[in-house]
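Throughout, read-outs are computed from the coordinates displayed, never taken from laboratory work. The structure displayed is predicted, hence computed values, not measured ones. No Cβ is skipped: glycine too gets one built from the backbone with ideal geometry, and neighbour counts run over all protein chains shown.
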Amino acid sequence: MGPQKNTGESQFDMETPMAWLDLANFKLVDFSVGDELRRKGIHYSNMYLIVSGQVEVLPEGRSEPIILGPGSPVGEIGFIRGCRATGTATVLQPTQALFLNDATLWDIERKNPPLALHLLRKLAQTAQFRLDRDANLAVEVEAETEGKARPEVILCRNDDMLEQAMGIRYQIYCEELGRSSPYADHERKLIRDNLDSFGYTFIAMLEDQVVGTLRANFAADGDLGTLEALYGMAESPHHPKHTLICTKLAVEKSRRGSVIYMELIRAVTAYVMNTGRDIRECYIDCIPGLLALYKRIGFVPAGEMFYHYENGPSLPMVMDLEQYSKTLAKRL
């Protein structure tokens with residue numbers, strides 16, 4: 001059996017999305033044969049809408065690829081849900097596609113509300129159709145990996161997801177460890193600080209429960225506060241343009257001997273390396289008891305121990321992403 005033709009369930013009402021270029025500030029991108037628009041297991045914060053050409057998608061759990069053409073979205077499931085790409089999407093013919101991310105959608109909502117409404121509804125319908133279509137296959141894949149306790153790591157895409165991450169921070173730092181965080185909201189039981197305004201927060205899910213979280217911030221995007229000095233970042237020739245920090249790594253107590261630490265760091269690393277921002281170093285801090293774990297992952301000491309108001313005594317660490325990123329991403 002050959003590749004399956006797209007049956008049209010994902011086609012938009014307009015004959016071709018090219019007409020949308022005059023209606024909103026879209027970016028038109030050209031792709032060559034063999035280019036990957038998506039790689040299975042990687043987080044993305046954007047998606048594409050095919051204008052011309054063909055893209056082959058091999059969803060997780062399927063043995064035969066699906067061929068997508070003009071009018072079909074690529075990457076809408078991960079874009080909407082914040083999950084890893086559910087399949088690899090490869091260009092079969094020279095392809096043009098409209099690039100969409102959050103900034104694009106916000107711009108469309110301001111300039112062309114009817115188009116935004118149409119697009120958001122269609123994206124949700126298409127994503128749900130594809131999820132329902134592959135539901136049985138997903139169950140089979142889940143059954144195969146049951147018992148391995150590998151979490152699903154999700155990039156937070158809305159306020160509800162972010163609040164779940166902030167809630168587990170509070171649960172661990174304030175309730176379990178008894179720390180007094182200046183950023184704690186004791187009424188709502190959340191921890192939110194200044195880095196959340198320009199950070200990328202990930203959550204780890206097991207059995208529909210949030211069991212861990214980690215946040216990443218590109219140093220060039222905003223003020224890192226005292227962490228820049230505590231981590232010794234100013235001494236790096238790569239800082240600030242090519243450096244990143246990971247903070248608020250928190251894992252539920254009963255899961256701390258598991259792979260969740262590794263899976264969160266792997267997910268962040270893979271996401272960062274696919275942004276095209278040429279990030280070469282990742283900084284983080286760890287408590288002394290986890291030093292051996294962080295070293296196994298690829299981190300090395302970056303400065304002197306300091307007191308962190310949430311973690312307690314902490315060691316600044318740094319990872320050479322050029323050296324370790326491919327190794328970390330292998331299992332994704």
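Positive end of the dipole of the range 150-328 (Cβ unit charges, origin at the Cα centre): among Gln164, Ser180, Gly222, the Cα lying farthest that way belongs to Gln164. Classification of the range 150-328 by its C-alpha gyration tensor yields a rounded form. The axis ratio a/c (a ≥ b ≥ c) stays under 1.5. In terms of overall dimensions, the C-alpha atoms belonging to the range 199-279 reach 41, 27, 19 Å along their principal axes, ordered largest to smallest.
Between the beta carbons of Phe99 and Asp208, assuming R0 = 25 Å, the FRET efficiency works out to 0.20 to the nearest 0.05.
Amide H to amide H distances under 5 Å link Tyr44 with Ala85, where only residues 5 or more positions off or on other chains count and H is placed in the peptide plane.
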